[in-house]
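One structure below.
The values are calculated or read from the model by the stated rules, or taken from the named source; none is laboratory data. Model, not experiment: these values are computed from the prediction. In this analysis, Cβ positions are derived from the backbone assuming ideal geometry, glycine residues included, and neighbour counts consider all displayed protein chains.
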Amino acid sequence: MLIANLAGLLLIALIIWWFWLYKPKEAELDNTDRVITIENGTYAPSHVKLPAGEPLTIQFMRKDPSPCSETLLIPELQISETLPLNKLKTVQLPALKPGEYPFHCQMQMYRGLIKVDK
Amino acid sequence: MPAGTEICASGDKMTPEQTHQELLVDGVGCASCVKKIETALKALPGVEAAEMNFAQRTVSVSGITPTADLIKALENAGYGAKLAEAASDDAAMAEKEKADEAYYKRLIREMFVALSLGVPLMLYSLVTGEMSVNTAGEQVGWLIVGLMTLAVMVLAGKHFYVGAWHSFKNHSANMDTLIALGTGTAWLYSMVVVFFPQAVPDMARHVYFEATAMIIGLINLGLALELKARGRTSEAIKRLIGLQAKTARVIRGGDELDIPIERVLLNDRVRVRPGEKIPVDGEVTEGHTSIDESMLTGEPMPVEKTLGDKVSAGTLNKSGSIVFKATRVGKDTALAQIIGMVKRAQNSKPPIGRLADVISAYFVPTVMIIAVLSALVWLNWGPDPVVAFALVSATTVLIIACPCALGLATPMSVMVGVGKAAEAGVLIRNGEALQTASKITAMILDKTGTITVGAPKVTDVVTAGEWNHDAVLRLAAILEAGSEHPLAQAIVESAKESGLYSAVNRGLATHFQAISGQGVSAVIEGKAVLFGNEKLMREQAVEAGDFVATAQALAADAKTPMYFAVEGKLAAIIAVADPIKNDSIAAIKRLQNNGIRVVMLTGDNRATAKAVADKVGIKEFFAEVLPEQKSQKVQALQMEGEIVGMTGDGINDAPALAIANVGFAIGTGTDVAIESADITLMRGSLHGLADAIAVSKATLRNIKQNLFGAFIYNVAGVPFAAGVLYPLTGMLLSPVIAGAAMAFSSLTVVTNANRLRLFKAQDH
């Protein structure tokens with residue numbers, strides 16, 4: 001019983017660490033080919049790093065047929081796009097100030113983050 | 001003025017201001033075309049950058065060059081081109097429907113696969129009550145069932161497991177995580193029982209394969225039904241997109257060609273025959289007709305159009321054949337902008353939804369922790385068989401929790417509410433405007449152009465002595481011809497309409513003199529004429545006699561009377577008034593009946609303001625308000641604690657619209673007002689205000705119901721699943737029931753949001 005309890009508590013600690021405390025590394029997207037793929041319930045890459053101060057475009061490729069993945073929202077930039085299935089959708093970003101810009105689906109089950117460094 | 005069709009030209013986004021355009025290029029055969037296309041575009045003045053995407057056949061162009069020039073350059077280089085965005089609306093919608101249909105079929109198929117195993121297993125368990133593994137024979141039998149369940153998991157539930165795994169790798173968790181964990185745990189435990197029955201206590205040698213199969217089946221069914229219900233939430237936008245014509249008949253070089261609307265260029269001449277849709281925005285250059293604009297403005301009466309009048313894409317040409325010049329094409333048309341605005345608004349969130357967002361961000365891991373805690377509690381303090389109870393409670397907690405219902409609550413209602421408003425001719429900019437509009441306590445109305453038509457007309461000509469109506473109006477028009485003042489223009493217009501004045505008469509007035517604050521004097525055809533207020537008459541010693549009373553009566557009737565004298569004798573009183581819109585009185589009454597304090601603002605004099613306010617039943621008004629004071633009046637009401645809506649149409653109103661809690665721009669208004677407004681009324685009628693408030697209230701109520709339902713469902717469901725009622729009732733929720741509840745909770749939210757579709761703006 002002691003082992004079971006310890007295992008349970010360890011599991012809770014792992015859940016907290018894995019989902020809340022761990023900070024994933026941002027992927028640096030290539031200048032010419034910035035594509036984020038939506039597949040199997042996630043954005044890949046979900047954390048991206050972009051340069052500050054220049055307007056740029058990123059592309060989204062939705063391979064996930066679930067209607068949840070259809071809407072892309074970047075609330076800080078007031079961007080709301082409908083992503084077609086199996087087609088690239090270009091999203092125009094304004095010149096960004098350094099900071100973090102979360103993006104997600106309508107229900108926030110698919111989540112990602114754009115990080116802009118100085 | 002055609003009612004409400006230019007309204008939506010929210011900010012005249014004519015091509016020279018554009019910074020980025022995307023064109024779809026035809027005829028790109030090989031990679032070498034890329035260079036050719038980019039060079040052709042870069043050679044144009046104003047193009048800063050041109051980048052071709054060979055795979056997609058699109059080219060992105062940055063700069064200030066008009067679209068038409070870009071397309072022409074590409075055509076000269078031997079390629080066909082059209083705006084990528086404009087072309088895609090209709091096609092994208094069709095594609096989306098196709099993709100959704102395919103996904104729906106897949107979910108239904110998967111549901112059948114899962115239920116065809118789950119239902120017989122569940123019936124067996126219910127009938128025999130025997131799902132335990134005690135003998136070697138039972139071990140073999142259940143192993144086969146276990147493998148069949150594994151097949152169901154792969155064939156019908158693969159998307160949950162793959163999704164959960166990918167989310168996990170990304171340090172995120174979603175609904176897939178919960179379903180995969182719940183069903184996976186049940187299956188794994190059952191397989192342990194099958195292989196090593198001795199490892200678990202006698203009473204706990206129970207298998208849960210039916211739960212795994214049933215949950216997968218039910219959740220797939222729930223997803224399929226939700227997909228269908230979601231489709232209905234976007235009906236309004238589909239209808240708007242459906243308004244777009246597919247082709248246009250343009251006249252180029254004497255030939256008439258039917259071309260796709262994406263290829264129509266600015267300044268193209270377009271012919272539209274009776275019964276056809278107007279393909280792009282433009283200005284009539286030949287013919288006259290009546291046009292049904294109800295689809296855009298909600299205004300049921302067809303509007304007469306003749307030379308110089310504006311026509312809008314998506315409206316229906318009823319009677320005549322016209323030719324018009326295209327003034328806005330592609331994504332610049334009013335219709336395209338309405339579609340864009342509605343789409344953006346549908347995806348924006350009112351502040352009320354933010355709490356749900358915060359919760360959904362932490363929801364799934366929290367539920368996982370609760371599941372583990374629940375299992376631990378059962379293990380430590382539960383009755384025998386503790387292992388089985390711990391497993392059932394943890395699985396049920398994982399399965400019953402539904403982040404989707406919470407996440408869907410707000411967006412689904414906003415989607416339907418904003419769409420519904422658009423159908424009633426009310427464009428809501430975003431979720432925040434929607435929420436604030438539902439709370440408005442005071443509404444400020446600008447008089448001119450909002451309560452009134454905004455175009456003064458001559459209403460009365462009361463003549464004296466031997467003078468007659470026509471002679472007076474003719475002289476007055478000649479006198480006022482040079483003036484830009486709206487009242488002067490009303491007199492000139494009226495004389496023109498009666499055929500009493502034409503441009504030939506211009507310049508007949510000599511010795512013209514403006515007398516500040518009083519009026520004007522001049523000599524016409526050798527006679528000295530005076531035109532102005534009572535003071536002018538007094539100072540020039542013109543006897544007005546009984547006419548002073550006439551003038552007062554006219555002023556009390558919301559008209560502006562002016563005295564006209566010839567050779568020192570009073571000839572007539574001419575009254576000009578800005579007529580009150582037909583339905584202003586009823587619309588204001590609707591607002592007041594809703595408990596909203598209605599206040600009128602005007603730059604006009606007190607007497608006219610009072611007369612108009614009295615007529616329309618407004619008790620509070622501010623007259624002689626300078627344009628810059630309008631926003632101060634808004635602030636004053638806000639200081640009193642009111643949530644203020646401001647309705648206006650003019651450039652002067654822009655600061656006041658922006659400072660108000662909700663700014664309403666009235667349809668026939670200018671672009672500036674619309675840019676600074678939160679809500680745009682596409683037709684001129686003030687009924688739109690009450691409609692907007694009613695639809696906002698209905699939407700907010702719907703969101704609250706959804707949020708409340710979703711909160712209560714989770715807050716009550718999770719502890720129930722964990723077994724808090726067990727000590728009282730001796731019952732533990734079955735994971736299968738939890739699966740059904742979960743599948744139908746999000747469906748309930750979407751269905752409740754769809755109820756908003758039944759909302760009807762009040763008849764008026």
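Being out of contact with any helix residue (DSSP H, G or I) (no Cβ under 6 Å at 6 or more places or on another chain), β-branched (Val, Ile, Thr) and within 14 Å of chain A (Cβ to nearest Cβ) narrows it down to one residue among B:Val119, B:Val154, B:Val193, B:Val162; which is it?
B:Val162
Any idea which of A:Leu11, A:Leu113, A:Leu73 is outside any loop (DSSP other than H, G, I, E, B), more than 10 Å from every other protein chain (Cβ to nearest Cβ) and either within 18 Å of B:Gly407 (Cβ to Cβ) or among the hydrophobic types (A, V, I, L, M, F, W, C) (or both)?
Selected residue: A:Leu113, the only one of A:Leu11, A:Leu113, A:Leu73 that is outside any loop (DSSP other than H, G, I, E, B), more than 10 Å from every other protein chain (Cβ to nearest Cβ) and either within 18 Å of B:Gly407 (Cβ to Cβ) or among the hydrophobic types (A, V, I, L, M, F, W, C) (or both).
Among B:Ala156, B:Ala186, B:Ala224, which is hydrophobic (A, V, I, L, M, F, W, C), touching a residue at least 24 places away in the same chain (Cβ under 8 Å) and surrounded by fewer than 22 Cβ atoms within 10 Å (Cβ to Cβ)?
B:Ala224
Name the strands (runs of 3 or more DSSP E) wholly inside region B:274-324 in which the number of residues that are crowded, with 24+ Cβ neighbours inside 10 Å is 2 or more.
In region B:274-324, the matching strands (runs of 3 or more DSSP E) lie at B:281-286.
Confirm whether B:Ile444 is assigned to a loop (DSSP other than H, G, I, E, B), modelled with pLDDT of 90 or more and surrounded by 24 or more Cβ atoms within 10 Å (Cβ to Cβ).
no
For region B:411-429, indicate whether the set of residues that are away from chain A (no Cβ under 12 Å) and farther than 15 Å from B:Val695 by Cα is non-empty.
Checking region B:411-429: not a single residue is away from chain A (no Cβ under 12 Å) and farther than 15 Å from B:Val695 by Cα.
Which ones in region B:488-517 are touching a residue at least 24 places away in the same chain (Cβ under 8 Å) and either touching a strand residue (DSSP E or B) at 6+ places or on another chain (Cβ under 9 Å) or among the aromatic types (Phe, Trp, Tyr) (or both)?
Those that are touching a residue at least 24 places away in the same chain (Cβ under 8 Å) and either touching a strand residue (DSSP E or B) at 6+ places or on another chain (Cβ under 9 Å) or among the aromatic types (Phe, Trp, Tyr) (or both): B:Ala490, B:Ile491, B:Glu493, B:Ser494, B:Tyr501, B:Leu508, B:Ala509, B:Phe512.
What residue, among those in region B:553-569 that are under 12 Å from B:Ala611 (Cα atoms) and not in a loop (DSSP other than H, G, I, E, B), is nearest to the chain's Cα centre (by Cα)?
So the residue we want is B:Thr560.
Taking only region A:88-99 into account, find how many residues are touching a Leu at 6+ places or on another chain (Cβ under 6 Å) and either among the charged types (D, E, K, R) or facing chain B (nearest Cβ under 7 Å) (or both).
Selection size over region A:88-99: 1.
Starting from residues that are buried (at least 18 other Cβ atoms within 10 Å of the Cβ) and more than 22 Å from B:Ala405 (Cβ to Cβ), keep the ones in region A:100-109 and report whichever is farthest from the other protein chains (Cβ to nearest Cβ).
Within region A:100-109, the match that is farthest from the other protein chains (Cβ to nearest Cβ) is A:Tyr101.
Since B:Pro403 meets every condition but one in (1) within 14 Å of B:Val750 (Cα to Cα); (2) touching a Pro at 6+ places or on another chain (Cβ under 8 Å); (3) not acidic (Asp, Glu), which condition does it not meet?
So B:Pro403 meets the others, but not (2).
Any residue in region A:35-53 that's assigned to a loop (DSSP other than H, G, I, E, B): show its pairings with residues that are of a type in the set (Phe, Trp, Tyr) at Cβ separation under 8 Å, as long as the two are six or more apart or on different chains.
Between residues of region A:35-53 that are assigned to a loop (DSSP other than H, G, I, E, B) and residues that are of a type in the set (Phe, Trp, Tyr), the close pairs are A:Asn40/B:Trp165; A:Gly41/A:Tyr110.
Conditions first: (1) under 24 Å from B:Asp176 (Cα atoms); (2) surrounded by fewer than 19 Cβ atoms within 10 Å (Cβ to Cβ); (3) small (Gly, Ala, Ser). B:Gly340 passes all but one, so which condition is the exception?
Status for B:Gly340: all satisfied but (1).
Every residue in region B:166-176 that is more than 7 Å from chain A (Cβ to nearest Cβ) and over 16 Å from B:Leu398 (Cα atoms), please.
B:Lys169
Can you name the residue in region A:14-60 that is of a type in the set (Phe, Trp, Tyr) and under 16 Å from A:Pro102 (Cβ atoms) and is also nearest to the other protein chains (Cβ to nearest Cβ) among such residues?
In this case the residue turns out to be A:Phe19.
Matching residues to (1) modelled with pLDDT of 85 or more; (2) in contact with a Gly (Cβ under 8 Å, 6 or more places away or on another chain); (3) away from chain A (no Cβ under 14 Å); (4) buried (at least 24 other Cβ atoms within 10 Å of the Cβ):
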{"position": "B:Ala204", "(1), (2), (3), (4)": "no, no, no, no"}
{"position": "B:Tyr208", "(1), (2), (3), (4)": "yes, no, yes, yes"}
{"position": "B:Ala211", "(1), (2), (3), (4)": "yes, yes, yes, yes"}
{"position": "B:Gly217", "(1), (2), (3), (4)": "yes, yes, yes, yes"}
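Would you check if B:Lys343 is under 20 Å from B:Leu266 (Cα atoms) and within 14 Å of another protein chain (Cβ to nearest Cβ)?
So B:Lys343 fails the test.
For region B:392-405, name all the residues that are in a helix (DSSP H, G or I) and either more than 12 Å from chain A (Cβ to nearest Cβ) or at pLDDT 90 or above (or both).
Within region B:392-405, B:Val392, B:Ser393, B:Ala394, B:Thr395, B:Thr396, B:Val397, B:Leu398, B:Ile399, B:Ile400 meet the criteria.
Residues of region B:614-627 being under 16 Å from B:Thr452 (Cα atoms) and within 32 Å of the chain's Cα centre (by Cα), which ones?
Answer for region B:614-627, where residues must be under 16 Å from B:Thr452 (Cα atoms) and within 32 Å of the chain's Cα centre (by Cα): B:Val616, B:Gly617, B:Ile618, B:Phe621.
Could you list, in sequence order, all residues of region B:123-152 that are in a loop (DSSP other than H, G, I, E, B) and either exposed (fewer than 13 other Cβ atoms within 10 Å of the Cβ) or on the phi > 0 side of the Ramachandran plot (or both)?
B:Gly129, B:Glu130, B:Asn134, B:Thr135
Restricting to region B:358-372, count the residues that are of a type in the set (A, V, I, L, M), over 14 Å from B:Val715 (Cβ atoms) and either at the interface with chain A (Cβ under 7 Å from one of its Cβ atoms) or surrounded by 20 or more Cβ atoms within 10 Å (Cβ to Cβ) (or both).
The qualifying residues number 6.
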